[in-house]
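Presented below is the structure to which this report refers.
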Amino acid sequence: MTASFDFRRGYWSPRMALGQPGMDAAHRSLLEELERISELDDAQFVAGFEHFIALVEADFHEEEAVMEGIEYSALPTHREQHARLLGYLRQTASRMREGDIAAGREVTALMPGWFELHIETMDGALAMQCQYSQQRRIA
Ligand SMILES: [Fe+2]
Ligand SMILES: [Fe+2]
């Protein structure tokens, strides 16, 4: 697995697609939003970062609902990884509100790597299980 990005072509890459249209669209829009906020000036960046957290939270909830729906055995580990990231993002937002904008910039720069790894591992395994469940329903 590589953790390199072609920044000229954006954070999203078709190789992140997992074959689950809802999940893929959500990941793509999260990465596009991340790219958008990384270009904001300091005056808009805090609000942009908080908006990004809200989107991540909504996406994680949706994914966790899917896992509950298929009684996914790796749900606790996957949920824990989501919770850790959200905790980290919220902690960063509070530092930013106290004036530490640089903390938000650093975290924003780390996010494409976090998402790439999470998508390729945790979400990839979930997508395979979803596919299996869908096939079983059809059969
Ligand atoms: Fe996930
Ligand atoms: Fe995901």
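Quick note: the coordinates plus some simple rules give every number you see, no bench work behind them. As the structure is a computational prediction, the values presented were derived from the model and not from experiment. Quick reminder, even Gly has a Cβ in these numbers, built from the backbone with ideal geometry, and neighbours come from all protein chains shown.
Listed values, structure above:
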read-out	value
Residue among D42, D59 that alone is touching a residue at least 12 places away in the same chain (Cβ under 8 Å) and within 13 Å of ligand 2 (Cβ to nearest atom)	D59
Search result, residues across region 95-139 that are in contact with a helix residue (DSSP H, G or I) (Cβ under 7 Å, 6 or more places away or on another chain) and of a type in the set (K, R)	R95, R97
Yes/no for T121 being out of contact with any Gly (no Cβ under 9 Å at 6 or more places or on another chain), of a type in the set (V, I, T), more than 26 Å from R36 (Cα to Cα) and surrounded by fewer than 18 Cβ atoms within 10 Å (Cβ to Cβ)	no
Residues of region 10-48 satisfying the condition of being part of a helix (DSSP H, G or I), small (G, A, S) and surrounded by fewer than 16 Cβ atoms within 10 Å (Cβ to Cβ)	G22, A25, S29, A43, A47
